[in-house]
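The values are calculated or read from the model by the stated rules, or taken from the named source; none is laboratory data. Since the structure is predicted, the reported quantities are computational estimates derived from the model, not experimental observations. Glycine also receives a Cβ, built like all others from the backbone with ideal geometry; neighbour counts cover every protein chain displayed.
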Amino acid sequence: MPIEAGRRARALAEFTARLRALRAKGFSDPREVEAFRRRARAAKLEYLSRPGYWLGRLAERVEAAGGRVHFADDAGEANRIVLDICRRAGAGQVVKGKSMTCEEMELNPVLEAAGIQVSETDLGEFIVQLAGEPPFHILGPAMHKTRQEIAELFSRHFEPVDPEPAALTRLARKVLRRRFLSARVGITGVNAAACDTGTIAVITNEGNGRFCSTLPPVHIAVMGLEKAVPTLSDLALISTLLPRASLGWPLSAYVSWISGPAGRSAGAGPREFHLVILDNGRSRILEGPYWEILLCLRCASCLNHCPVYTTCGGPNYGWVYSGPMGAVLTPLLRGREHDHLAHASTLCGRCRQMCPMGIDLPGMLLRRRQEPGGAFKYLLPRLGAEILSRRGLFETACRLARPAAAALERLPREALPPGPWRAWRMGRRLPRVPRERAVKPEGGEES
Amino acid sequence: MSHRESFLARLPVGRVRPPPRPSGPALPPPQDPAGEFLRRLDEGGAAVHRVDGAEAAAARAVEIVRRAGAERAGLAELGPELEGPLRRAAAAAGLELVPAGDGCDPAAVEPLPAGITRAELAVAQTGALVQVARPGGGRLLSLLPPLHVALVCVQDLLPAMEDLAAALVDRSRFPEGPPPAVSLIGGPSKTGDIEAVIVLGVHGPGRLEVVLWG
């Protein structure tokens with residue numbers, strides 16, 4: 001996994017250090033953390049012991065309040081459901097809150113292919129969407145971009161603007177305000193859902209989640225099935241635990257608890273409310289040895305405290321989910337070709353220590369490394385260990401390596417056939433194998 | 001079997017064993033709820049005021065809007081004890097009050113320079129204003145104008161989040177069950193998305209002023 005260098009590396013280090021400091025300031029008393037963790041785990045485990053029963057109740061309650069509930073087996077089905085609702089609403093444009101589940105589904109390209117303009121409304125997501133890049137960090141999608149780069153991007157798309165965060169934010173507000181007022185459909189993710197009352201929580205600091213779920217006449221909320229908890233009291237707990245874990249704050253600026261469309265008794269709000277509940281491999285995860293990852297709240301604590309994440313950044317994990325949480329989740333949702341992510345960890349254990357749900361992330365990564373099928377990855381280290389532990393073998397290897405390395409180093413790199421070997425060679429020099437021994441054997445003679 | 005039934009039936013039962021629920025809340029209830037409420041909101045970036053009585057609360061709200069240089073403010077339905085004093089204070093200060101409670105066209109609320117609302121409930125421990133969706137409520141006024149003045153009566157202050165959850169399912173308060181939308185507000189709209197510099201007012205109000213009376 002490449003290490004970030006230069007300005008991006010500094011920005012990543014500073015950003016994650018700031019989040020760690022906020023967390024340390026506001027939510028670090030171990031007794032307090034443990035008290036929240038025990039309650040949140042108990043709530044989530046009660047749900048996961050009977051998810052079919054609880055989701056059935058969730059759907060019943062939402063429908064009794066006038067909402068519609070859609071169950072989707074996989075991303076393709078969820079995308080078709082969302083597209084269908086947008087088409088029926090006559091939406092030429094939708095406004096969207098930040099949702100990792102929608103990114104997992106790759107919803108935006110599906111809507112865009114159908115001629116629907118999708119506006120990301122979280123400021124960071126708005127910036128990376130304009131730039132055509134993936135989000136860099138789940139809490140700071142555009143943290144790798146400078147104010148100058150953003151000003152240049154905004155000037156190209158909208159109007160000339162000073163490279164100042166306040167001026168850039170004002171311009172984004174103006175552009176997005178028009179879209180909030182005109183969009184026919186708002187799409188958000190779901191941070192947690194209470195089954196006994198049929199209530200979802202949408203949490204943001206910018207207020208974009210509240211805009212998306214209030215102004216457009218149709219609101220679609222998309223949730224992975226693991227986001228549910230049994231009761232409204234549990235939802236209240238998660239609504240305060242999530243910002244505590246992310247930022248050390250007891251509450252985000254805006255938390256919306258939504259139980260259905262506005263109806264006659266509400267005055268303002270959408271006329272239609274749709275809840276899309278996505279499986280996409282989650283029920284399979286619950287049956288296997290990695291089920292504990294379904295407790296994840298996506299607070300980003302494990303990212304911010306991970307020595308690998310803080311030097312490599314999000315995009316190097318290759319998919320939507322990053323950090324220790326992503327290293328466990330991606331192979332489960334996307335397939336075994338992502339198993340190598342289990343090695344993107346020093347197993348230092350900080351992620352488990354900081355996780356508000358107490359998920360044993362290092363334990364799961366270690367388990368993944370030890371699985372059969374992973375064994376061939378240890379072939380080279382094992383061979384190395386064999387050679388290093390036998391003196392005769394080691395000396396023979398050195399004798400062979402000396403001319404071989406020198407010959408390879410003389411070979412022009414471009415002459416190598418394309419492929420991983422060439423890519424590996426382009427950035428590296430082979431070490432010179434010294435003639436003399438590093439350690440002289442006791443009482444021995446040099447040969 | 002319908003698609004929904006097969007979806008739900010596929011989910012395993014008893015795959016995990018839940019531990020007994022720990023008793024009591026995660027945090028002890030605050031000793032001084034009003035003080036805790038204002039301290040938390042202040043930390044969240046709001047300006048806070050504590051006054052005696054509805055009359056003083058109305059006067060303070062009008063003063064805040066006038067000091068911000070606004071000549072008009074949108075008004076949600078606040079109840080008779082606040083509306084009378086507010087109209088008198090506004091007339092004296094030359095502030096035009098525009099009825100703009102929920103049910104109005106959002107396009108008419110959007111250009112207003114300020115909104116005055118009343119939080120139906122509030123939570124001390126997390127510093128949360130709680131707005132319950134209702135006709136004439138402040139769902140739009142707390143979102144669209146750049147300045148939001150929220151009035152909170154100390155009697156509506158609940159100690160902690162679990163008390164709010166209990167209040168919302170209390171049929172004597174909400175006979176039809178939890179309202180379709182409940183908004184918790186913990187401070188002005190904020191972002192740190194550009195070089196981690198905190199900027200207020202990215203989508204919602206950049207200024208939140210909270211007046212606690214009672």
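Please go through segment B:20-54 and pick out each residue that is without any contact (Cβ under 8 Å) to a residue 24 or more places away in the chain and touching an Asp or Glu at 6+ places or on another chain (Cβ under 9 Å). Listed by number, the residues that qualify are B:ARG21, B:ALA26. Out of B:HIS203, B:HIS148, one residue alone is closer than 18 Å to A:ASN205 by Cβ, modelled with pLDDT of 95 or more and either more than 7 Å from chain A (Cβ to nearest Cβ) or part of a strand (DSSP E or B) (or both). It is B:HIS148. Of all the criteria given as (1) more than 8 Å from chain B (Cβ to nearest Cβ); (2) more than 22 Å from the chain's Cα centre (by Cα), the one not satisfied by A:GLY260 is (1).
Among the residues of segment A:241-297, count how many are basic (Lys, Arg) and out of contact with any helix residue (DSSP H, G or I) (no Cβ under 7 Å at 6 or more places or on another chain). The number of residues fulfilling the criteria is 3. For the criterion of being over 30 Å from B:ALA165 (Cβ atoms) and among the aliphatic types (A, V, I, L, M), B:ALA70 passes.
Report whether or not A:TYR321 is in contact with an Asp or Glu (Cβ under 8 Å, 6 or more places away or on another chain) and crowded, with 23+ Cβ neighbours inside 10 Å. It is true that A:TYR321 is in contact with an Asp or Glu (Cβ under 8 Å, 6 or more places away or on another chain) and crowded, with 23+ Cβ neighbours inside 10 Å.
A count restricted to segment A:280-310 and to residues that are over 16 Å from the mean Cα position of the chain (by Cα) and closer than 30 Å to A:ALA9 by Cα stands at 1.
Taken over segment A:210-242, the criterion of being buried (at least 24 other Cβ atoms within 10 Å of the Cβ) and farther than 23 Å from A:LEU48 by Cα is satisfied by A:ARG210, A:PHE211, A:CYS212, A:SER213, A:THR214, A:LEU215, A:PRO216, A:HIS219, A:ILE220. In the set B:PRO19, B:PRO30, B:PRO25, only one residue is of a type outside the set (A, V, I, L, M, F, W, C), under 13 Å from B:GLY127 (Cα atoms) and over 15 Å from the mean Cα position of the chain (by Cα); that residue is B:PRO30. Could you tell me how many of the residues in segment B:110-143 are in a loop (DSSP other than H, G, I, E, B) and more than 12 Å from chain A (Cβ to nearest Cβ)? Number of matching residues: 4. Has segment A:23-34 got at least one residue that is out of contact with any Asp or Glu (no Cβ under 7 Å at 6 or more places or on another chain), crowded, with 19+ Cβ neighbours inside 10 Å and within 10 Å of chain B (Cβ to nearest Cβ)? The answer is yes; a qualifying residue exists.
Scanning segment A:329-388 for residues that are hydroxyl-bearing (Ser, Thr, Tyr), touching a residue at least 24 places away in the same chain (Cβ under 8 Å) and surrounded by fewer than 18 Cβ atoms within 10 Å (Cβ to Cβ) yields a single hit, A:THR346.
For A:ARG210, the conditions (1) within 8 Å of chain B (Cβ to nearest Cβ); (2) touching a residue at least 60 places away in the same chain (Cβ under 8 Å) all hold with the exception of (2).
Within segment B:185-200, being under 18 Å from B:VAL48 (Cβ atoms) and facing chain A (nearest Cβ under 8 Å) holds for B:ILE185, B:GLY186, B:GLY187, B:PRO188, B:SER189, B:LYS190. Within segment A:243-275, the residues that satisfy the criterion of being assigned to a strand (DSSP E or B) and surrounded by fewer than 24 Cβ atoms within 10 Å (Cβ to Cβ) are A:GLU272, A:HIS274.
Residue count for segment A:217-237, restricted to those that are within 10 Å of another protein chain (Cβ to nearest Cβ) and in contact (Cβ under 8 Å) with a residue 60 or more places away in the chain: 5. Considering each residue of segment B:169-178 in turn, at least one proves to be in a loop (DSSP other than H, G, I, E, B), surrounded by fewer than 17 Cβ atoms within 10 Å (Cβ to Cβ) and among the hydrophobic types (A, V, I, L, M, F, W, C). In the condition set (1) more than 30 Å from B:PRO19 (Cβ to Cβ); (2) part of a helix (DSSP H, G or I); (3) in contact with a His (Cβ under 8 Å, 6 or more places away or on another chain), A:ARG10 is compliant with all but (3).
Here A:GLY326 fulfils each of the conditions (1) outside any helix (DSSP H, G or I); (2) closer than 18 Å to A:THR101 by Cα apart from (1). Within segment A:64-89, residues that are among the polar types (S, T, N, Q) reach partners that are at pLDDT 95 or above with beta carbons closer than 6 Å, at six or more positions or on different chains, in the pairs A:ASN79/A:MET105; A:ASN79/A:LEU107; A:ASN79/A:VAL110. When A:ALA43, A:ALA59 are checked against the criterion of being touching a helix residue (DSSP H, G or I) at 6+ places or on another chain (Cβ under 6 Å) and closer than 18 Å to A:VAL190 by Cα, A:ALA43 stands alone in meeting it. May I ask you to verify whether A:GLY56 is part of a helix (DSSP H, G or I), surrounded by fewer than 22 Cβ atoms within 10 Å (Cβ to Cβ) and at the interface with another protein chain (Cβ under 9 Å from one of its Cβ atoms)? The answer is yes for A:GLY56.
Filter segment A:59-83 down to the residues that are closer than 21 Å to B:PRO12 by Cβ and part of a loop (DSSP other than H, G, I, E, B) and list them by number. Listed by number, the residues that qualify are A:ASP73, A:ASP74.
Counted as qualifying within segment A:336-395 are the helices (runs of 4 or more DSSP H) with 1 or more residues that are within 18 Å of the chain's Cα centre (by Cα), namely A:350-354, A:361-370.
Taken over segment A:16-53, residues that are of a type in the set (S, T, N, Q) and in a helix (DSSP H, G or I) amount to 2. Somewhere in segment B:82-89, is a residue within 30 Å of B:GLY177 (Cβ to Cβ) and either among the charged types (D, E, K, R) or free of Cβ contacts under 8 Å to residues at least 40 places away in the same chain (or both)? There is at least one residue in segment B:82-89 that is within 30 Å of B:GLY177 (Cβ to Cβ) and either among the charged types (D, E, K, R) or free of Cβ contacts under 8 Å to residues at least 40 places away in the same chain (or both).
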